[in-house]
Every structure is written in C-alpha cells, then in structure tokens.
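The values are calculated or read from the model by the stated rules, or taken from the named source; none is laboratory data. Bear in mind that the values here come from a model prediction, so they are computed numbers and not experimental data. Quick reminder, even Gly has a Cβ in these numbers, built from the backbone with ideal geometry, and neighbours come from all protein chains shown.
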C-alpha cells in the first residue's frame, strides 16, 4: 500500500511529547497542566477521527484501506512497523474519547491528589495507542509495559492504605503476566524466526511438527498473559478490588485497559489461527469461548453480590470482557461485529459509571454503607475534604436528578435494554448467532443457545443489581447530604453518554463500519498483504560500497 | 551446555515461583527478580546456543548466515532486562509505601490469623 502517512505515528508522539513536557513544570501549575493535557486529548480525538476516515475504502472499492508505517524504514517485514486498519482506528477513537472525559473530570479535584498525574495519564494514553497500532509482537510488549508502568503510578494516585494494597496486588499480577508474555514471545520467535504479526501469520501456516507445537504452545502462553490483562476468570480476582480502589477518573480510563487484552486476543487469534492456518486453524477459540462464558458467570454472581457501588462497577467490567471474549471465541464474523458494538458501548458506559459512582458516594454518610464496610476490600474514601482544597467552580443545580438520570442511562446500557446500543449490540449478536448464513438460514450451533442464554441472564443480573443500587442511592438515601457536584464533573459523564446516544441515532453507519471491521478481521489476507508489500517511505540509496 | 542452561533456568523458575507465592513482600520481589532472570536466559536461548559466533555482520562482505549468532534475541533480552529492572525498582517503592502505611510486610497489609 503506497504512501504511508506520517500521521499514523501521531497518536503515539503527541501524548509522549506533551507528557514529557509537563514533567518540567511543577504540580502547582495546575491550570497550565490541565490546559495542555486537555488540548492533547482533543488533538488525539481529531487525529483518531482523521485516521478512521482514511481507512474508509476509496470510492468503488470493497475493502477498507490499511496503512503501514515502517518505523526504521527497513524493508517489510523486517523491523518494527505500525499498522493502521479499521479496528485499530476505532480503538484509537475510543481511547481518545475516554481520555478526554477522564482528564476533564480530574480538573475538579483528582489531579491534586498526587504528583505527576497528567504526565502519567498521557503516558498511559501513549501506551494504549501504541498497543493498538503496533504490528510487531515485541513492540507490543514494550507498549504494554509503557501503559502498565503508567497505570502502576495511576492506580496508586491518591495513595492511602486501600490503594497501596490493591495497587501492590495489581502490580505483582501484571509483572508476572508480563513474564508470561515474554516467554510466549520467545517461544514463538524460536519456532517462527520472526516477530512481525503479519509475517508470523504467513509462517504459522507453513510450520509443521515440532515447530508447530512450540508455536502453538507459545501462542497459548501469550494468550494467558492477555487473559490476565483482560480480567478473565480465573485470572481476575484482583480486578474488582483494584478498580474500585483506584481514583474515579483512573478507574474510568482503566475500563479500556481490559479491552486492550481483548483487542490483542481478537487480533492475534484471528490472524494466526484464521482459516489460512491449516491444521491449527481455530486453535484456542474453544478455550476463549469457555473462558468468556465462565467470566460472564463469575461477573454475574459478583454483580449480584456487590454491596458497594465501586465493586458493582468492577464486576460489570468482568461481565463486559467476558461477553466480548465469548463472542470472539464463537468465531463468526456477524457475532464479532455485534461484540465490537458491545465493546464500544459498554466501555463508554463503564467509564461514565465509574465517574458517576464517585459523585454519588461523595454525599453518602459512610454509616449508610455499613454493609459495604464489612467487605474486606472496601476502599473508604480517604479523600476527606481538606477545607484548604475546597474545590472552586460552578456547582450544578438539581444534582440528584442529573446523577439519577445518568445512572439510569448507564444501567440501561449495561443491562442491554432498548433503545440504547447495549441492546442493539446484544440483538446483533443474537441475530447472527441464530442466522449464521443470512436470515433464517444455516444450522444453529449448540453453543449459540448457551451464549444466548448467558447474554440475556447477565443483562438481567446487571439490571437487578443496578436497580437495587439506584434505589438505595437515589430514592432511599439514609441521611446522606446531597453531594456538591461541579459542572466540570458532570460534563465528561454527559460527553460519554452523548457519545453513546450518537451511536444509537447513527446505529446504521456505526454497525456497517463494525461489520466491515469484523469481516476484515475474519479475512486477514488484506492485512497480511498490506504489511508484507509495504513500501519504504524513502527508498534505500543503493548499495553501500565496501 | 544445553543441559546446564535448562537446569539453571528450571532452578530459577522453581525458586522464583515458590518465593512469589510467599506472604512477605520482600520474598515476592525476590521471586519476581529470579523469574525475570530465568525468562531473560530463556529468551537468550531462543537464538540457539552458539559459541565463538558474533551477532554483528561485517559491512559489505559476502555473508554466510550460519557463521553468525542470531542478533534478535540478544536485542530482545536487553530490552527485557531494562524493563524488568525498572518495574522491579518501581515495585520496591510500592513495597516500602505499603510497609510504611500498614506497618507490616505482609502482602495483604495485615498479618493472617494463625
């Protein structure tokens, strides 16, 4: 594919430069830091949308366009490259929107809770963008470490015993998972002799005997590392604690961190073990399906059992990852399209929910949560307001009504009720599950019934839990005062929920885009060809004389 | 040499995993370090073990790839060493913070009831 545009690397460079620049300023210069980081997030949104637009097919063409950026200007497939296709562009947009919302939210108070908040946050965005763009397995490891290192700092942001304890568990688990990641990458390299994802997809189809066994084992170990990050049962006991202990804007942006694991699993399993992979075709998809189902079940029980709202949101994250993973394991393009839709809407809803919970719980008397306190990991709000840091800004009127409506929208989204995208996505998944080959056609697989019942049951469980939590916090408030909520804290929630409403109104174009993305994923030939035939931006200047 | 290397990787992983599962934060951090040493050795070994073979190719001469060691795992292991070193240092800070906040070095922040 000709003309690799330099814009592809912008989503990595912009937050890196801005984050590095902010390190030179003291934390006292908050307004400046807020302004720079929000401008960065806005720039990321613009770049992400421009990139997404570029992946739209040229007039008359069927396939989406794929751009390859050769970082060292080595001929492909040697060395590291960045690949932009529809899926990575969509994920970039999602990251940028979440980042903007969380940064606006933290203007009010959270950025004051610790040092270098903005830089860490921007480095996290850089790591996320890099992980979505890279086309090289080891470079993926590096970007993962960038985003994890930033997230270690962010999960501890605000400090306090609960955060430090949850953060320590989070760090240990992720360090161990990173070691598994390295083992997997090393095994794949020793069998295939390359680390370029597209090249690996070609080589995987040609391996046989011991080489194939080692490559499959390596892919399995690599998969475990991503399953840990995606929060899949039984590797997820750390997740609800860490997410509910984290500061609200951090938890909001963490709702996409599990989706990075899901994204990689989706990308690699369909690339390496797609229809072209010969006898390893479909390797691991059954395991992914079962793991996804188990996670839905675990998350469902957790959602029903949660007494504190933070944990309720934490378990909803699990339900959301489990659903997407099970749909990937189902390996059918239509279901994947629905799952992508679900991924977008549930990530936005979860991010809004995490921020909302902090606002709701702000007004509550800790005594009202006596039950919740009994739970081992309940992170009591250490953010007891210091009169000196009383926030300045415009408070909103009718606080409870605004919060209540937003909470109801989050509930509707997560439970999958019409008319919002949660419902549309589940409907799309169910439709393609039961009509594998066009409407009313094709044999229905056994697993369809299982997945369908789990989808509906998990929605029901979420609905019960959200209703219960909503009644307790809005209708039956025990003493608790009405929280004082600022405009800048409601604005990001409104932004996220507006994005979801836009997705509902423009459901047709959105779904068509996701459908095309899913069919690209299930037919990775175009991706492989684009990478293998990528042209150097600057041709080598001939052979160098000895 | 293969036997020696695999035995040492095995010993490192075994002790690393055992330490990782211990309840003291210091044991956990040493366990993680041992595990990362083992993983680094493992990455290094994926380039096949060679003696007296350089990973760097001379410019402009006719090259027989069989006479050279694979440079990629060596580059990878360098990156992995740096990253695991940095994350271990970061974990050390968290460990100290936890010790300061909770007054114990237990991973759960409090002693388990015996």
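Observations
This table checks each residue for (1) assigned to a helix (DSSP H, G or I); (2) in contact with a strand residue (DSSP E or B) (Cβ under 6 Å, 6 or more places away or on another chain); (3) facing another protein chain (nearest Cβ under 9 Å).
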site	(1), (2), (3)
A:142	yes, no, yes
A:158	no, no, no
A:179	yes, no, yes
A:224	yes, no, no
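- Qualifying position, being touching a helix residue (DSSP H, G or I) at 6+ places or on another chain (Cβ under 9 Å) and at pLDDT 90 or above, among A:232, A:188: A:188
- The set of residues from the stretch B:68-106 being surrounded by 17 or more Cβ atoms within 10 Å (Cβ to Cβ), at the interface with chain A (Cβ under 10 Å from one of its Cβ atoms) and touching a residue at least 60 places away in the same chain (Cβ under 8 Å) comprises B:91, B:95, B:98.
- Test result for residue A:237, within 14 Å of another protein chain (Cβ to nearest Cβ), out of contact with any strand residue (DSSP E or B) (no Cβ under 7 Å at 6 or more places or on another chain) and free of Cβ contacts under 8 Å to residues at least 12 places away in the same chain: yes
- Residue A:148 within 11 Å of chain B (Cβ to nearest Cβ), out of contact with any strand residue (DSSP E or B) (no Cβ under 6 Å at 6 or more places or on another chain) and free of Cβ contacts under 8 Å to residues at least 60 places away in the same chain: yes
- Listed by first and then second residue, the pairs with beta-carbon distance under 6 Å, at least 6 apart or on different chains, first residue in the stretch B:47-64 and within 20 Å of residue A:186 (Cα to Cα), second surrounded by 12 or more Cβ atoms within 10 Å (Cβ to Cβ), are B:47/B:70; B:47/B:73; B:50/B:69; B:55/B:69; B:55/B:71; B:55/B:74.
- From the options B:76, B:96, B:90, residue that is in contact with a helix residue (DSSP H, G or I) (Cβ under 7 Å, 6 or more places away or on another chain), in a helix (DSSP H, G or I) and under 20 Å from residue A:151 (Cβ atoms): B:90
- Selection count, the stretch A:408-420, where residues are modelled with pLDDT under 85 and in a helix (DSSP H, G or I): 0
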